[in-house]
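Trainee: Submitted below is the structure of interest, expressed as C-alpha coordinates.
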Amino acid sequence: MSYLPQTTDKKDKVLTEKQQSFLDNLIQTGGDPKKAAELAGYSGNYHQVIKSLRQEVIELASDVLARSAPAAAFKLVDIMNSDHPIPQVSNKLTAAQTILDRVGVSKSDKLDVTHTAAGGIFILPEKAPIDVQAEEVEYVEERRDSEEETTSEQPYVEEAFGREEEEQE
(Lines give C-alpha, C1' and ligand atoms only; values in the text may rest on other atoms or scores of the structure.)
Protein backbone atom coordinates (compact mmCIF):
# COMPACT_ATOMS: atom_id res chain seq x y z
CA MET A 1 0.00 0.00 0.00
CA SER A 2 1.53 3.30 -1.06
CA TYR A 3 0.93 6.52 0.86
CA LEU A 4 2.70 8.74 -1.67
CA PRO A 5 2.15 9.33 -5.35
CA GLN A 6 4.84 8.02 -7.66
CA THR A 7 5.84 11.53 -8.72
CA THR A 8 6.14 14.77 -6.86
CA ASP A 9 4.94 18.08 -8.22
CA LYS A 10 8.23 19.89 -7.69
CA LYS A 11 10.65 18.01 -9.90
CA ASP A 12 8.46 15.30 -11.41
CA LYS A 13 10.81 12.78 -9.79
CA VAL A 14 9.95 9.18 -10.54
CA LEU A 15 10.66 6.84 -7.65
CA THR A 16 12.25 3.47 -8.21
CA GLU A 17 10.64 0.32 -6.81
CA LYS A 18 13.28 0.21 -4.11
CA GLN A 19 12.66 3.83 -3.09
CA GLN A 20 8.89 3.32 -3.04
CA SER A 21 9.39 0.15 -1.01
CA PHE A 22 11.53 2.13 1.46
CA LEU A 23 8.78 4.72 1.92
CA ASP A 24 6.10 2.03 2.35
CA ASN A 25 8.26 0.15 4.85
CA LEU A 26 8.93 3.39 6.70
CA ILE A 27 5.21 3.48 7.52
CA GLN A 28 5.04 -0.21 8.44
CA THR A 29 8.03 0.01 10.77
CA GLY A 30 6.59 2.99 12.61
CA GLY A 31 9.14 5.43 11.20
CA ASP A 32 12.32 3.38 11.77
CA PRO A 33 14.54 4.23 8.76
CA LYS A 34 17.10 1.51 9.45
CA LYS A 35 14.52 -1.31 9.41
CA ALA A 36 12.72 0.25 6.42
CA ALA A 37 15.99 0.33 4.44
CA GLU A 38 16.75 -3.31 5.28
CA LEU A 39 13.24 -4.43 4.27
CA ALA A 40 13.49 -2.45 1.00
CA GLY A 41 16.78 -4.19 0.12
CA TYR A 42 19.26 -1.43 0.91
CA SER A 43 22.46 -2.59 2.54
CA GLY A 44 24.65 -0.51 4.78
CA ASN A 45 24.16 3.24 4.91
CA TYR A 46 20.48 4.18 5.00
CA HIS A 47 21.34 7.88 5.53
CA GLN A 48 21.96 8.26 1.79
CA VAL A 49 18.48 6.91 1.05
CA ILE A 50 16.90 9.43 3.44
CA LYS A 51 18.99 12.21 1.95
CA SER A 52 17.92 11.38 -1.60
CA LEU A 53 14.26 11.04 -0.57
CA ARG A 54 14.21 14.00 1.81
CA GLN A 55 11.21 15.77 0.26
CA GLU A 56 9.20 12.53 0.01
CA VAL A 57 9.94 11.69 3.67
CA ILE A 58 8.75 15.16 4.73
CA GLU A 59 5.55 14.71 2.70
CA LEU A 60 5.08 11.30 4.30
CA ALA A 61 5.47 12.76 7.80
CA SER A 62 2.92 15.48 6.96
CA ASP A 63 0.53 12.82 5.72
CA VAL A 64 0.95 10.81 8.94
CA LEU A 65 0.19 13.88 11.02
CA ALA A 66 -2.84 14.70 8.89
CA ARG A 67 -4.14 11.16 9.39
CA SER A 68 -3.61 11.50 13.15
CA ALA A 69 -5.40 14.84 13.43
CA PRO A 70 -8.92 13.40 13.92
CA ALA A 71 -7.68 11.10 16.70
CA ALA A 72 -5.96 14.07 18.35
CA ALA A 73 -9.14 16.12 18.16
CA PHE A 74 -11.18 13.31 19.71
CA LYS A 75 -8.55 12.86 22.44
CA LEU A 76 -8.88 16.56 23.36
CA VAL A 77 -12.65 16.15 23.61
CA ASP A 78 -12.30 12.94 25.66
CA ILE A 79 -9.95 14.65 28.11
CA MET A 80 -12.30 17.59 28.38
CA ASN A 81 -15.39 15.43 29.02
CA SER A 82 -13.76 12.91 31.36
CA ASP A 83 -14.77 12.93 35.03
CA HIS A 84 -12.24 10.23 35.91
CA PRO A 85 -8.50 10.71 36.38
CA ILE A 86 -6.53 10.03 33.21
CA PRO A 87 -2.94 8.81 33.55
CA GLN A 88 -0.40 11.17 31.96
CA VAL A 89 -3.15 13.56 30.94
CA SER A 90 -0.81 16.52 30.51
CA ASN A 91 1.43 14.58 28.10
CA LYS A 92 -1.56 13.37 26.09
CA LEU A 93 -3.03 16.87 26.00
CA THR A 94 0.26 18.38 24.84
CA ALA A 95 0.72 15.72 22.15
CA ALA A 96 -2.82 16.21 20.81
CA GLN A 97 -2.42 19.98 20.74
CA THR A 98 0.94 19.72 18.98
CA ILE A 99 -0.43 17.42 16.28
CA LEU A 100 -3.35 19.75 15.64
CA ASP A 101 -1.01 22.76 15.52
CA ARG A 102 1.26 21.01 13.00
CA VAL A 103 -1.57 20.20 10.61
CA GLY A 104 -2.95 23.72 10.81
CA VAL A 105 -5.87 23.25 13.19
CA SER A 106 -4.96 25.68 15.91
CA LYS A 107 -6.40 28.58 17.76
CA SER A 108 -6.40 31.70 15.70
CA ASP A 109 -5.70 35.19 16.86
CA LYS A 110 -8.24 37.60 15.48
CA LEU A 111 -7.78 41.31 15.42
CA ASP A 112 -10.87 43.44 15.07
CA VAL A 113 -10.07 46.71 13.37
CA THR A 114 -12.96 49.13 13.12
CA HIS A 115 -12.92 52.84 12.70
CA THR A 116 -15.54 55.54 12.86
CA ALA A 117 -13.69 58.31 11.10
CA ALA A 118 -15.86 60.24 8.69
CA GLY A 119 -14.28 61.27 5.45
CA GLY A 120 -11.02 60.14 4.11
CA ILE A 121 -7.40 61.04 4.12
CA PHE A 122 -6.51 64.65 3.51
CA ILE A 123 -3.11 65.05 1.88
CA LEU A 124 -1.49 68.44 2.17
CA PRO A 125 0.75 69.81 -0.57
CA GLU A 126 4.47 69.88 -0.09
CA LYS A 127 5.67 72.75 2.02
CA ALA A 128 7.49 75.36 -0.03
CA PRO A 129 9.92 77.85 1.52
CA ILE A 130 8.56 81.36 2.03
CA ASP A 131 10.90 84.29 1.46
CA VAL A 132 10.09 87.23 3.73
CA GLN A 133 11.88 90.52 3.26
CA ALA A 134 11.95 92.87 6.18
CA GLU A 135 11.42 96.57 5.68
CA GLU A 136 12.88 99.23 7.89
CA VAL A 137 10.15 101.10 9.68
CA GLU A 138 10.41 104.29 11.71
CA TYR A 139 8.44 104.29 14.87
CA VAL A 140 6.77 107.51 15.85
CA GLU A 141 5.85 107.89 19.45
CA GLU A 142 2.70 109.75 20.30
CA ARG A 143 2.50 112.05 23.25
CA ARG A 144 -0.39 111.79 25.54
CA ASP A 145 -2.04 114.98 26.51
CA SER A 146 -3.73 114.00 29.70
CA GLU A 147 -1.86 112.68 32.71
CA GLU A 148 -4.83 110.65 33.87
CA GLU A 149 -4.82 108.54 30.74
CA THR A 150 -1.06 107.94 31.03
CA THR A 151 -1.03 107.00 34.66
CA SER A 152 -4.05 104.76 34.48
CA GLU A 153 -2.92 102.74 31.48
CA GLN A 154 0.85 102.67 31.64
CA PRO A 155 2.56 104.32 34.63
CA TYR A 156 6.08 103.75 33.35
CA VAL A 157 5.42 105.65 30.10
CA GLU A 158 5.19 108.95 31.98
CA GLU A 159 8.69 108.50 33.34
CA ALA A 160 10.05 107.72 29.88
CA PHE A 161 8.48 110.86 28.40
CA GLY A 162 9.88 112.94 31.25
CA ARG A 163 13.41 111.75 30.62
CA GLU A 164 13.19 112.42 26.90
CA GLU A 165 12.07 116.02 27.52
CA GLU A 166 14.97 116.58 29.90
CA GLU A 167 17.48 115.21 27.39
CA GLN A 168 16.12 117.43 24.63
CA GLU A 169 16.39 120.61 26.70
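The values are calculated or read from the model by the stated rules, or taken from the named source; none is laboratory data. Everything numeric here is computed off the predicted structure, so don't read it as measured data. Remember, those area values only see protein heavy atoms, side chains included, never the ligands or the DNA or RNA. Shrake-Rupley method; radii C 1.70, N 1.55, O 1.52, S 1.80 Å.
Trainee: Sort largest first and round to whole Å: the equivalent ellipsoid semi-axes of the stretch 16-86, each the square root of five times a Cα gyration tensor eigenvalue. Provide the component values of the computation, followed by the final result.
Mentor: Details: eigenvalues 233, 30, 16 Å².
For the stretch 16-86, the ellipsoid semi-axes come out as 34, 12, 9 Å.
Trainee: ³J(HN,Hα) across the stretch 61-74 via Karplus (A = 6.51, B = -1.76, C = 1.60, θ = phi - 60°), whole Hz, x for Gly/Pro?
Mentor: 4, 4, 5, 5, 5, 5, 5, 8, 4, x, 5, 5, 5, 5
Trainee: Provide the solvent-accessible area of Thr98, counting protein heavy atoms only and rolling a 1.4 Å probe, rounded to the nearest 10 Å².
Mentor: Thr98 exposes around 60 Å² with every protein chain in place.
Trainee: Continuing with this model, one more query. Could you state the accessible area per residue of the stretch 30-149 in Å², with a 1.4 Å probe and every protein chain left in place? Display every interim value, and only then the final one.
Mentor: Values: 11020 Å² over 120 residues.
Computed with neighbouring chains in place, this is 92 Å² per residue.
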